[in-house]
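Chemist: Starting off with a structure, shown below.
Only the coordinates and a few stated rules stand behind these numbers; no lab work does. Keep in mind it's a predicted model, so treat the numbers as computed, not measured. Note: ideal-geometry Cβ built from the backbone for every residue, glycine included; neighbour counts use all protein chains shown.
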Amino acid sequence: MSAPICPMPEALAGVALLHGMPLDALRDLAPLLSHRRIEAGVTVFAEGEPGDSMLLLASGGAEVVRRLPGNLRQTLAHVGPGEALGELALLTRRPRSATVRAVAPSTAWQLDAHAFELLRRDGRPVAVELVRRIGDSALTRLRHLYAVIAGALEDRTGARGPDRHPRALPSAALPAATADDGEDAYLAGTMLFRGLAPAAVAEVTSGARRVAVPRGTVLAAEGMRPDALLVVVRGALESTIRRGGLVQRVRLAGPGRLACHLGVLDGGPSPVEVRARERSTVLELPRARVQGIVRSPERLHRDITSAIHIDVVRALQAGERPHGTMAAAVVRAAPLAA
């Protein structure tokens with residue numbers, strides 16, 4: 001049961017998700033958290049239930065498990081003090097992707113969905129920073145997942161490193177596309193923009209270069225650092241990992257979805273190849289512009305940032321789905337979107 005006890009800000013400083021936050025910011029966060037005691041063996045979150053809270057584990061421990069075909073269960077991770085649980089499901093409000101069970105008597109600080117929504121809509125630095133950190137957590141997990149899938153392919157094929165493949169075509173070499181009449185209204189009904197105010201949709205699309213992409217064009221090669229976050233307007237972009245002649249698709253992004261999160265949002269090289277699955281139209285959001293939006297305290301930008309982070313979590317969930325003989329590798333890599 002939850003109790004109306006607020007944590008001391010100094011106690012929150014030991015949580016990895018909050019590490020390095022100013023004490024004043026933690027003082028603002030503390031009143032929104034409630035204390036929870038959990039007996040050993042208790043199910044904290046159940047796979048399939050609504051993602052309506054996150055926990056910051058103060059003591060004890062928990063295991064993360066997922067159902068597998070044939071009524072089997074696989075332990076995905078063990079979580080200890082200072083770690084967060086359930087933060088990604090809180091972002092998307094989608095059902096839990098795994099079950100979390102206490103393996104010892106535990107205590108935790110709980111942030112429920114209502115309090116999180118208040119934070120997300122708050123322009124105070126603690127709110128902007130917390131939401132950004134949860135988004136960064138999703139990016140870290142996505143990069144880890146892709147590394148595990150690449151490693152599994154290398155184990156199967158004996159290959160080391162990505163296959164040789166066509167170099168990415170510079171976007172400047174691709175023809176510009178003309179915006180269709182009513183494009184913003186059309187995009188407002190797609191996954192990324194659904195629920196955003198018209199002004200937020202216009203903020204993303206205005207000034208963005210529209211590019212017509214022929215089928216099969218490589219827009220990002222594994223190992224390169226993409227220059228822009230790509231918003232799919234028409235068609236579909238496929239993200240793949242290639243090793244020893246085997247190709248593993250990790251995401252197919254259709255209208256209203258993004259590509260090149262990794263490399264634009266986290267600054268590292270792309271761990272995947274991004275290619276046009278069919279003739280497509282994309283919007284290019286340059287890296288500097290995206291970084292400015294993600295760090296901005298303005299309400300409009302906070303809403304856009306939330307939509308971007310949700311798309312990152314959807315990419316993570318797409319990559320976690322078992323793919324034939326790759327199922328074991330995918331499962332081993334997924335502690336993480338509970």
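Chemist: Once R0 is set to 22 Å, what does the formula 1/(1 + (r/R0)^6) return for the Cβ-Cβ distance between T140 and A288, expressed as a FRET efficiency to the nearest 0.05? Present the calculation step by step, with values, prior to reporting the outcome.
Modeler: Numbers: r = 22 Å, r/R0 = 0.99.
The computed FRET efficiency comes out at 0.50.
Chemist: With 10 angstrom as the radius, rank M8, M224 by how many other C-beta atoms surround their C-beta, starting from the fewest.
Modeler: Working: M8 10, M224 16.
Going from sparsest to densest Cβ surroundings: M8, M224.
Chemist: Taking K and R as +1 and D and E as -1, what net charge do the other residues with C-beta under 10 Å from the C-beta of T205 add up to? Intermediate results must be reported in sequence, preceding the final value.
Modeler: Values: positive: R210; negative: E183, D184, E203.
Net charge around T205: -2.
Chemist: In terms of the Cα gyration tensor, with a ≥ b ≥ c the square roots of its eigenvalues, is the range 2-120 rounded because a/c is under 1.5, prolate because a/b exceeds b/c, or oblate? Working shown, then result.
Modeler: Working: a/c = 2.11, a/b = 1.60, b/c = 1.32.
Because a/c hits 1.5 or more and a/b exceeds b/c, the range 2-120 counts as prolate.
Chemist: Now a separate question. Tell me the relative contact order for the chain as a rounded percent, counting alpha carbon contacts under 8 Å between residues six or more apart. Write down the numbers at each step before the final one.
Modeler: Numbers: 734 pairs, mean separation 62.8, N = 338.
Normalised by residue count, the contact order of the chain is 19 percent.
Chemist: Would you please give the FRET efficiency between L68 and D181, computed as 1/(1 + (r/R0)^6) with r the Cβ-Cβ distance and R0 = 45 Å, to the nearest 0.05?
Modeler: Values: r = 48 Å, r/R0 = 1.08.
Rounded to the nearest 0.05, the efficiency is 0.40.
Chemist: Using DSSP to define loop residues, name the trypsin sites (Lys or Arg not before Pro) in the range 85-121 whose beta-carbon has at most 14 other beta-carbon atoms within 10 Å.
Modeler: Numbers: sites: R93, R96, R101, R120, R121; in loops: R93, R96, R121.
Here the sparse-neighbourhood loop sites are R93, R121.
Chemist: If you take the Cα Rg of the range 96-149 and divide it by 2.2 N^0.38 Å, with N the number of residues, what do you get? Walk me through the numbers before you get to the answer.
Modeler: Numbers: Rg = 14.7 Å, N = 54, 2.2 N^0.38 = 10.0 Å.
Normalised by 2.2 N^0.38 Å, the Cα Rg of the range 96-149 equals 1.47.
Chemist: Which of rounded, prolate or oblate describes the range 89-217 when judged by the alpha-carbon gyration tensor and an a/c cut-off of 1.5? Before the final figure, lay out each step's value.
Modeler: Details: a/c = 2.63, a/b = 1.15, b/c = 2.30.
Judged from the Cα gyration tensor, the range 89-217 comes out oblate (a/c at least 1.5, b/c at or above a/b).
Chemist: OK, next. Under 9 Å from the Cβ of R121, count the other residues' Cβ atoms, weight Lys and Arg +1, Asp and Glu -1, and hand me the total. Show your work: numbers first, answer last.
Modeler: On the way: positive: R120, R299, R302; negative: E117, D122, D303.
Surrounding charge for R121 is 0.
Chemist: Let me ask you something else. What are the ³J(HN,Hα) values, in whole Hz, obtained from phi via the Karplus relation 6.51 cos²θ - 1.76 cosθ + 1.60 with θ = phi - 60°, for each residue of the range 136-150 in sequence order, with x given for Gly and Pro?
Modeler: 5, 4, 5, 5, 4, 5, 5, 5, 4, 4, 5, 5, 5, 5, 4
Chemist: Order these by the 10 Å Cβ neighbour count, fewest first: E273, E183.
Modeler: Working: E273 24, E183 17.
Going from sparsest to densest Cβ surroundings: E183, E273.
Chemist: Can you give the % of DSSP beta bridges in the chain that are antiparallel, to the nearest 5?
Modeler: On the way: 56 of 56 bridges.
Bridges in the chain that DSSP calls antiparallel: roughly 100 percent.
Chemist: Please order V250, V264, V272 by the number of other Cβ within 10 Å, starting at the fewest. Display every interim value, and only then the final one.
Modeler: Numbers: V250 25, V264 28, V272 31.
Least to most surrounded, the residues fall as V250, V264, V272.
Chemist: Which semi-axes, in whole Å and largest first, does the equivalent ellipsoid of the chain have when worked out from the alpha carbon gyration tensor as the square roots of 5 times its eigenvalues? It would help to have the intermediate numbers written out before the result.
Modeler: On the way: eigenvalues 239, 134, 52 Å².
Computed over the chain, the values are 35, 26, 16 Å.
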